[in-house]
1. Report, ordered by the first and then the second residue, all pairs with beta carbons closer than 6 Å, sequence separation of six or more or different chains, a first member in the stretch 125-141 that is surrounded by 12 or more Cβ atoms within 10 Å (Cβ to Cβ) and assigned to a strand (DSSP E or B), and a second member that is at pLDDT below 95 and β-branched (Val, Ile, Thr).
2. Looking only at residues that are in a loop (DSSP other than H, G, I, E, B) and closer than 21 Å to Ala9 by Cα in the stretch 48-97, which one is modelled with the lowest pLDDT?
3. Could you please find all residues in the stretch 98-119 being assigned to a strand (DSSP E or B) and polar (S, T, N, Q)?
4. Among the numbered criteria (1) among the hydrophobic types (A, V, I, L, M, F, W, C); (2) touching a helix residue (DSSP H, G or I) at 6+ places or on another chain (Cβ under 9 Å); (3) surrounded by 14 or more Cβ atoms within 10 Å (Cβ to Cβ), which one does Ala72 miss?
5. Which of the residues that make up the stretch 8-24 are closer than 15 Å to Arg109 by Cβ and crowded, with 17+ Cβ neighbours inside 10 Å?
6. Looking at the stretch 19-27, can you tell me whether even one residue there is in a strand (DSSP E or B), modelled with pLDDT of 95 or more and either touching a Gly at 6+ places or on another chain (Cβ under 7 Å) or not basic (Lys, Arg) (or both)?
7. Among the residues that make up the stretch 27-39, is at least one of them in contact (Cβ under 8 Å) with a residue 40 or more places away in the chain, out of contact with any Pro (no Cβ under 9 Å at 6 or more places or on another chain) and among the β-branched types (Val, Ile, Thr)?
8. Looking at this structure, is Asp131 touching an Asp or Glu at 6+ places or on another chain (Cβ under 7 Å) and modelled with pLDDT of 95 or more?
Amino acid sequence: MTQGLKLLANDRDDLQILSAMMEGAITSPGEMSFAGAQRHFTLTASRIMWEKADRDAAPKAVSRIRSGLYVADVLAAKSTGISRANPTEVMELLSIAADAGPDETTDLRFSFAGGGVLCLSVECINVGLTDSGDAWETDHVPAHDRETGKP
């Protein structure tokens, strides 16, 4: 079994590291769930194992692993450019960022290739990433413009 990551982000610096590990992760609307009464959000994805890849080289193949992302203390969730009507639509995560929200809350912004954005209003930054299962090799390496998110 592949040794996967287990990361916890409790501040903006931690979240930058977690975001870098999730860059290029493949997910879909059906793999995202917001439980308002329990105040948490989950997302499953197939992420690139950047910790084992050479980011400076142009890899022809990388390893991916199934990962779960858990966000606690979520007050609200909203999205634009993400259709719940198509739960199997393939989406590629570009980044996760934290912005100051109203009333001392924080807005976590998940940006996807093609312009989709998910915003979670959270009481505090409390995000966990856990890999599971075995990794596999793939030649699907993200090739998008980091500014526009377009191929």
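1. Within 6 Å, the pairs are Ala135/Thr2.
2. Applying the first criterion (in a loop (DSSP other than H, G, I, E, B)) to the stretch 48-97 yields 49, 53-61, 73, 81-90.
Narrowing the set further to residues that are closer than 21 Å to Ala9 by Cα leaves 49, 73.
Working: Met49: 93, Asp73: 97.
Filtering the stretch 48-97 for residues that are in a loop (DSSP other than H, G, I, E, B) and closer than 21 Å to Ala9 by Cα, the one modelled with the lowest pLDDT comes out as Met49.
3. If we filter the stretch 98-119 for residues that are assigned to a strand (DSSP E or B), which is where we start, we get 98-100, 106-112, 117-119.
Selection gives Thr106, Ser111.
4. Answer for Ala72: the failing condition is (2).
5. Ala9, Leu15, Leu18, Ser19, Met22, Glu23
6. yes
7. Looking for residues that are in contact (Cβ under 8 Å) with a residue 40 or more places away in the chain, out of contact with any Pro (no Cβ under 9 Å at 6 or more places or on another chain) and among the β-branched types (Val, Ile, Thr), one finds at least one in the stretch 27-39, hence yes.
8. no
The values are calculated or read from the model by the stated rules, or taken from the named source; none is laboratory data. These figures come from a predicted structure and were not determined experimentally. Neighbour counts run over all protein chains shown; Cβ positions are idealised from the backbone, glycine included.
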